[in-house]
């Protein structure tokens, strides 16, 4: 059994796809498949169910996965210990972010790379729920996520932005001269929102459940800017961050007030590599400057 096989096992399990796993570990897909088959022969059991479109772990695979993760973590910890002794920060950091934000992630990572050129950096985008899960499971070292008033359990973070969530309509909408709308007013309108799993959508859904308001989502768009564009075209009422503007877009505060925060987050407890620790220290300084 080789560490490389365990790394491929974890990658396929988390990506649920051999091609994406191969891209993640930077090798050809046939090499990943062959390595997993060799591991299955050694263990005498299939580790993955390949009969579906999304690859799933078998019972044997589920049993092996935590041990594979633990072995890889031990190796990473050994490397980190040597790096700390020598005073050099090595290794890798995995960072995630929601698709739309004003935080200068490129500037942060450029400064981090200049200070620690031996650290490999991986950056990806996803919905907040997926990023939060990545932080909790250790797949990500840090991420910019969209949250409500409180951070999700198990995470710590530094606020990046904090702004109102508003309704927005186009120039021809009958609400164009209103100054605000009640949450209950949204019940009679076709809404344009971000997808489920995003922070703003989570805030809207939670507020509606609490108030007993039943809304109809007519369109889901991948970014706040796209929701604004659809509203300008007269396709409904967009729910988006107050900072989003477009010519002809009329923004309306919602009562009771809804707020959304972007936070640079990391795990509150558990081991953190020297590279991840250095990134968090730098990110906290950047967030305060921003």
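All of the numbers you see were taken from the coordinates with simple rules; none came from a lab. The structure presented is a predicted model; accordingly, all values stated were derived computationally and were not measured. Cβ atoms come from the backbone with ideal geometry, glycine included; neighbour counts cover every protein chain shown.
See the values below:
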{"read-out": "Choice from 174, 90, 261 showing the highest fluctuation, given a GNM over the chain with Cα pairs closer than 10 Å", "value": "174"}
{"read-out": "Scattering curve values for region 161-262, log₁₀ I(q)/I(0), Debye with Cα scatterers, q = 0.11, 0.12, 0.15 Å⁻¹", "value": "-0.26, -0.31, -0.50"}
{"read-out": "Distance between modelled label sites at residue 25 and residue 92, nm, 7 Å Cα→Cβ extension", "value": "1.0"}
{"read-out": "Nearest-ten-degree value, helix 105-115 long axis tilted from longest Cα axis of the chain", "value": "30"}
{"read-out": "Stretch gain in nm, segment residue 50-residue 4, where the contour uses 0.36 nm per residue and the Cα spacing is subtracted", "value": "14.5 nm"}
{"read-out": "Rounded to 10°, Cα long-axis angle of helix 128-137 versus longest principal axis of the chain", "value": "30"}
{"read-out": "Helical contribution to [θ] at 222 nm, DSSP H n ≥ 4, -39,500 (n - 2.57), averaged over the chain, rounded to 500", "value": "-13500 deg cm²/dmol"}
{"read-out": "DSSP bridge pairs, region 161-262: antiparallel proportion in percent, nearest 5", "value": "60"}
{"read-out": "For the chain: relative contact order, % (alpha-carbon pairs under 8 angstrom, 6 or more apart)", "value": "20"}
{"read-out": "Rg to Rh, two decimals, where region 242-290 supplies the alpha carbon set and Rh follows Kirkwood", "value": "1.20"}
{"read-out": "Sorted by Cβ neighbour density within 10 Å, fewest at the top, the residues 173, 26, 180", "value": "26, 180, 173"}
{"read-out": "Nearest-ten-degree value, helix 59-86 long axis tilted from longest Cα axis of the chain", "value": "80"}
{"read-out": "Where labels lie 7 Å past Cα in the beta-carbon direction, separation of residue 42 and residue 281 in nm", "value": "3.8"}
{"read-out": "Spacing of the two label points (7 Å from each Cα toward its C-beta) at residue 218 and residue 104, in nm", "value": "4.0"}
{"read-out": "The chain - share of DSSP beta bridges that are antiparallel (%, nearest 5)", "value": "60"}
{"read-out": "Rg/Rh (Cα only; Kirkwood hydrodynamic radius) as it applies to the chain", "value": "1.05"}
